[in-house]
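Encoded as structure tokens, the structure appears first; notes follow it.
What follows is calculated from the coordinates using simple rules that are stated; it is not laboratory data. Remember, predicted model here, so these are calculated numbers, not experimental data. Cβ: placed from backbone, ideal geometry, glycine included. Neighbour counts: every protein chain shown.
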2 protein chains.
Amino acid sequence: MTDATAFEEVLAAIRFTADGLVPAIAQAEGTGEILMMAWMNRDAVIETLSTGRVCYWSRSRGGLWRKGETSGQVQRLKDFRVDCDGDTLLLIVEQDGVACHTGRRSCFYRAWRDGKLEVIQAVETDPSVLYGQNHHGHDHNHG
Amino acid sequence: MTDATAFEEVLAAIRFTADGLVPAIAQAEGTGEILMMAWMNRDAVIETLSTGRVCYWSRSRGGLWRKGETSGQVQRLKDFRVDCDGDTLLLIVEQDGVACHTGRRSCFYRAWRDGKLEVIQAVETDPSVLYGQNHHGHDHNHG
């Protein structure tokens, strides 16, 4: 059982959407690299703050998404920040391995350069290692 | 007139919401600091890539929001990145002055520490300097 009352102040500061969600940016501690952006609901916020392990809300699966549950690529929470109008969160995390389901450190591996989208980051871990041979890795929410 | 055809590849890679929007994270070049998160529509993407000055879509005003138009706190685009599933953008920017309408460098100036929300960044520029004496600074979309 998590004690939601301990988090009343931060929950009140967050402006969830009509669907009860808020976008959360994950930034690597130390390097400052942006790893990914995903969504949280109220329960995901409470679980993340309670356990220190980042938990999102998977919009595709409609359930809590404990980052790393399948892939082992856990995010440990180092700092939890709320923006000026409370409609976006910034999570400073320690990332185990890679954050992206493609096996790259960051999900933001494509850049618009010289009039085309260029891949600027290499695959570090084969997705089949992260998800097993039968997983096609199309749904990063399973990470 | 902007030539949208030049941006066909990147526009096709972006998965806009049903409202035609996509969240865009602004990160400071060099320091890696996350400055803000805002939304773009198709026209904002085209204008930003065409001009090299960041332009968002203001959901509150329902119009293009050329960052710095009122406040002078312009963001110059240094790199434009798209995430793995195309539903979030990362803008690497050179920020003139502060990004937040409160006069702080970053909008993410509140952190959850020891069971309470703590202000971790000081005001660098008085909002009245950014928006004039009659502006209350409640709508950062005017920045």
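Below is a table of values for the structure above.
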| read-out | value |
| --- | --- |
| Distance in nm between pseudo-label sites at residue A:113 and residue A:17 (7 Å out along the Cβ direction from Cα) | 3.1 |
| For the stretch B:28-36, 3J(HN,Hα) per residue [Karplus equation, 6.51 cos²θ - 1.76 cosθ + 1.60, θ = phi - 60°, Hz, x = Gly/Pro] | 6, 5, x, 6, x, 5, 7, 8, 6 |
| Residue of chain B nearest the B-to-A rotation axis [by Cβ], rounded angstrom distance | B:32, 1 |
| For the stretch B:24-78, size of Cβ-based charge dipole, Lys and Arg +1, Asp and Glu -1, in debye | 120 |
| Nearest-ten-degree value, helix B:42-51 long axis tilted from longest Cα axis of chain B | 80 |
| Charge dipole (debye, nearest 20) of chain A; +1 at Cβ of Lys and Arg, -1 at Cβ of Asp and Glu | 360 |
| Spatial separation of Cα centroids for the stretch B:1-51 and the stretch A:26-52, in angstrom | 23 |
| Relative packing of B:41-47, A:105-111, which averages over residues the other C-beta atoms within 10 Å, highest first | A:105-111, B:41-47 |
| Test item: A:14-26 mean partner chain Cβ contacts at 10 Å | 1 |
| Neighbourhood net charge (12 Å Cβ-Cβ; Lys/Arg +1, Asp/Glu -1) for residue A:83 | +2 |
| Using θ = phi - 60° and Karplus 6.51 cos²θ - 1.76 cosθ + 1.60, couplings along the stretch B:80-94 (whole Hz; Gly, Pro as x) | 10, 10, 10, 7, 3, 9, x, 9, 8, 10, 10, 10, 8, 10, 9 |
| For a label point 7 Å along the Cα-to-beta-carbon line of residue B:6, residues of the stretch B:52-82 with backbone N under 17 Å | B:52-55, B:77-80 |
| Label point 7 Å beyond Cα along the C-beta direction, distances from residue A:120 to other copies (nm, shortest first) | 2.5 |
| Kirkwood-type radius of chain A, with distances r between different C-alpha atoms, in Å | 15.8 |
| Long-range HN-HN contacts of residue B:106 with modeled amide H, under 5 Å | B:99, B:100 |
| Check: the protein assembly as shown dipole with +1 on Lys, Arg Cβ and -1 on Asp, Glu Cβ, in debye | 80 |
| Per-residue mean of C-beta atoms belonging to partner chains within 10 Å, peptide A:108-117 | 6 |
| Calculated [θ] (222 nm, deg cm²/dmol) that DSSP helices of n ≥ 4 give over chain A, each run adding -39,500 (n - 2.57) | -3500 deg cm²/dmol |
| Mean separation of Cα contacts under 8 Å (6+ apart) over length of chain A, as relative contact order % | 21 |
| Virtual paramagnetic centre 7 Å along Cα→Cβ of residue B:96, amide N under 14 Å, in the stretch B:28-58 | B:52-55 |
| Other protein chain Cβ atoms within 10 Å, averaged over every residue that makes up A:89-99 | 1 |
| For residue B:124, net neighbour charge (Lys/Arg +1, Asp/Glu -1) across residues whose Cβ lies under 11 Å away | +1 |
| Per-residue Cβ neighbour rank within 10 angstrom, fewest leading, A:48, B:125 | B:125, A:48 |
